[in-house]
1. Does the stretch 103-116 include one or more residues that are closer than 19 Å to V28 by Cα, among the basic types (K, R) and exposed (fewer than 14 other Cβ atoms within 10 Å of the Cβ)?
2. For the stretch 1-70, list the strands (runs of 3 or more DSSP E) that sit wholly inside it and hold at least 1 residues that are modelled with pLDDT of 95 or more, in contact with a Lys or Arg (Cβ under 7 Å, 6 or more places away or on another chain) and surrounded by fewer than 18 Cβ atoms within 10 Å (Cβ to Cβ); which are they?
3. Read through the list (1) modelled with pLDDT of 95 or more; (2) more than 17 Å from V28 (Cβ to Cβ), then give the number of the only condition that E82 fails.
4. Name the single residue that is nearest to S138 (Cα to Cα) among those in the stretch 31-43 being in contact (Cβ under 8 Å) with a residue 24 or more places away in the chain and not hydrophobic (A, V, I, L, M, F, W, C).
5. Just the residues that are under 16 Å from A149 (Cα atoms) and aliphatic (A, V, I, L, M), please, taken from the stretch 15-47.
6. Is there any pair linking a residue in the stretch 44-67 that is farther than 17 Å from E97 by Cβ to one that is acidic (D, E) and loosely packed, with under 15 Cβ neighbours inside 10 Å, with Cβ under 7 Å and at least six apart or on different chains, and which?
7. Give all pairs with beta carbons closer than 8 Å in which a residue from the stretch 75-88 that is closer than 23 Å to H112 by Cβ meets a residue that is of a type in the set (A, V, I, L, M, F, W, C) and not in a strand (DSSP E or B); count only pairs at least 6 apart in sequence or on separate chains.
8. Considering the stretch 89-114 alone, what residues qualify as being without any contact (Cβ under 8 Å) to a residue 60 or more places away in the chain, more than 18 Å from W140 (Cα to Cα) and hydrophobic (A, V, I, L, M, F, W, C)?
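The values are calculated or read from the model by the stated rules, or taken from the named source; none is laboratory data. The shown structure was predicted, so the numbers you read here are calculated from the model rather than taken from an experiment. Note that each Cβ is placed from the backbone with ideal geometry, even for glycine, and that neighbours are counted across all protein chains shown.
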Amino acid sequence: MSAESGNEESGGLVLNLECTLPVPPDKVFRMLTEPPELVKWWGPHGFIIPDAELNLVEGGRYKFRMTPPDGEPFHLSGEYLEIDPPWRLVYTFRWEEPAPDDRETVVDVTLHRADGGTRLALSQGPFLTEERLALHRSGWTESFEKLRALFGGRP
């Protein structure tokens, strides 16, 4: 898995991550878009997703309730901007109980055939602060570890 952050032309902070999974793109896409599959891996280690609602159409909305290991549940939601199964998924990402330095970001996930499996490339941003970018880098990295473990890869 590789990770980097950088500035886009707009001057915002953008997170870029990649991971390779040992399954075809259609299976990875299902893990990204079907609630019973998504709740198995989404979120950092120890977090659970007891509720995930998705209206998987362009302009459709989604909402997740996340529960940390010790603490109160919180919510995130957004709107699907582009859906091109099984290759691309673009959506907005907004915390419903935001911290003062949170703002809505855009997540762009692309899937590519690679080495008998799939290379998943994720871009998210722009973030307002390096701290928010680092928080999301950590969350996505742990989520991808959980996703890879579901397919028998190393955690």
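1. Within the stretch 103-116, the subset closer than 19 Å to V28 by Cα is 107-116.
Applying the additional criterion that residues be among the basic types (K, R) yields 113.
Checking which are exposed (fewer than 14 other Cβ atoms within 10 Å of the Cβ) leaves us with 113.
So far as the stretch 103-116 goes, yes, one or more of its residues are closer than 19 Å to V28 by Cα, among the basic types (K, R) and exposed (fewer than 14 other Cβ atoms within 10 Å of the Cβ).
2. On the way: elements: 2-7, 13-21, 48-54, 61-67.
Ranges flagged: 13-21, 48-54.
3. Just one mismatch for E82, condition (2).
4. Checking each candidate, the answer is G43.
5. Matches in the stretch 15-47: L21, V23, V28, M31, L32, L38, V39.
6. The qualifying pairs are E58/E82.
7. Y80/L56; Y80/V57; I83/L56; I83/V57; P85/F29; P86/V28; P86/F29; W87/F29
8. Matches in the stretch 89-114: A99 only.
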